[in-house]
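In what follows, a structure is listed as structure tokens, so that the remarks can point back to it.
The values are calculated or read from the model by the stated rules, or taken from the named source; none is laboratory data. The structure presented is a predicted model; accordingly, all values stated were derived computationally and were not measured. Please note: Cβ atoms are built from the backbone with ideal geometry, for glycine as well, and neighbour counts cover all protein chains shown. Note: areas computed on protein heavy atoms with side chains; ligands, DNA, RNA excluded. Shrake-Rupley method; radii C 1.70, N 1.55, O 1.52, S 1.80 Å.
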Amino acid sequence: FRLEKGVSLYIYNKSKSEIFGPFTEKDNDDHLQLWTPMVSGDEIVIEVQGAPDAIAKSQLLISSINHDFVDVKAKMLSGSCNIDVACGEADGFGIVDNYRDIISSVGAYTLNGVNQCSGMLINNTAMDCKPYFITANHCNISESNASSVVVYWNYENQTCRQPNSIESGFPGNVMREQFNSVSVLRANSVNSDFALIELDDPIDQTLNLYFSGW
């Protein structure tokens, strides 16, 4: 993946209910990879726009496609005993209201195109909001596959389902339109079971995400 200036790439499903892009030359990296968010539906379209000469100079090779036979949302469930972050005092879970800021630091992510784990944005002592993201070492992010990480923000059910109910054990109405793609492994440890990655792109300030830590 290496696009010339003025060339844009979009990926969407046949109904156009999910559209991701534009991806541009700003998404070019030395590793020549672009891992995109999951797209729902049986058919997807990859569309390249730009001047013919710029498109001809661009490099685009689809090296792999992941396909699921069941709704991908069903693969990233919370347990029925967990509390949806949409719950609050009105639902009998006032404790959740104390952590609204911290909740928005959490992201779920895919690795090599497969649902993997969760983690959180973490600030540093310089307090410069460098996009560090911390997760567990046992989630198997390595130097060779960190570029395949796609983090989904605000990945949460939008209604409060009562814990231990049948509804709470089912997939919710989570969305995947807010994301950061590609990262670099900065540090990890087996003993303390952490992995620290740095996301390739700055965090979109309009998402109102929170940096945990300092």
Just to be sure I understand, how many residues within region 7-29 are in contact with a Lys or Arg (Cβ under 6 Å, 6 or more places away or on another chain) and either part of a strand (DSSP E or B) or over 14 Å from ILE55 (Cα atoms) (or both)?
1
Scanning region 98-117 for residues that are under 14 Å from ASN180 (Cβ atoms) and assigned to a strand (DSSP E or B), the one most open to solvent (accessible area, probe 1.4 Å) turns out to be VAL106
Quick one: how many residues across region 3-20 are crowded, with 16+ Cβ neighbours inside 10 Å and out of contact with any Gly (no Cβ under 9 Å at 6 or more places or on another chain)?
1
Among the residues of region 39-60, write down those that are assigned to a loop (DSSP other than H, G, I, E, B), touching an Asp or Glu at 6+ places or on another chain (Cβ under 8 Å) and either among the hydrophobic types (A, V, I, L, M, F, W, C) or modelled with pLDDT of 90 or more (or both).
VAL39, GLY50, SER58
Please work out which residue is surrounded by the most Cβ atoms within 10 Å (Cβ to Cβ), limiting yourself to region 183-200 and to residues that are of a type in the set (D, E, K, R) and in a loop (DSSP other than H, G, I, E, B).
ASP200
Criterion (closer than 24 Å to ASN112 by Cβ and without any contact (Cβ under 8 Å) to a residue 12 or more places away in the chain) met by exactly one of SER144, SER181:
SER144
If I filter region 81-93 for residues that are aliphatic (A, V, I, L, M) and either part of a helix (DSSP H, G or I) or open to solvent by 90 Å² or more (accessible area, probe 1.4 Å) (or both), do I get at least one hit?
yes
Can you confirm whether ASP42 is open to solvent by 90 Å² or more (accessible area, probe 1.4 Å) and acidic (Asp, Glu)?
yes
Sole miss for ILE134 among (1) closer than 29 Å to ASN66 by Cβ; (2) in a loop (DSSP other than H, G, I, E, B); (3) out of contact with any helix residue (DSSP H, G or I) (no Cβ under 7 Å at 6 or more places or on another chain) is condition (2)
Take the residues in region 201-214 that are assigned to a loop (DSSP other than H, G, I, E, B) and hydrophobic (A, V, I, L, M, F, W, C), then tell me which one is surrounded by the fewest Cβ atoms within 10 Å (Cβ to Cβ).
TRP214
Among the numbered criteria (1) out of contact with any Ser or Thr (no Cβ under 9 Å at 6 or more places or on another chain); (2) farther than 30 Å from ALA90 by Cβ; (3) open to solvent by less than 30 Å² (accessible area, probe 1.4 Å); (4) assigned to a loop (DSSP other than H, G, I, E, B), which one does ASN180 miss?
(4)
Pairs with Cβ under 7 Å, 6+ apart, first in region 88-110 and over 30 Å from SER147 (Cβ atoms), second assigned to a helix (DSSP H, G or I) and open to solvent by less than 90 Å² (accessible area, probe 1.4 Å):
GLY88/GLY94; GLY88/VAL96; GLY88/ASP97; GLU89/ASP97
Only one of these conditions is not met by MET175: (1) under 12 Å from the mean Cα position of the chain (by Cα); (2) at pLDDT 90 or above; (3) open to solvent by 40 Å² or more (accessible area, probe 1.4 Å); (4) not polar (S, T, N, Q). Which number is it?
(2)
Quick count over region 12-46, residues being touching a residue at least 60 places away in the same chain (Cβ under 8 Å) and β-branched (Val, Ile, Thr), is 1
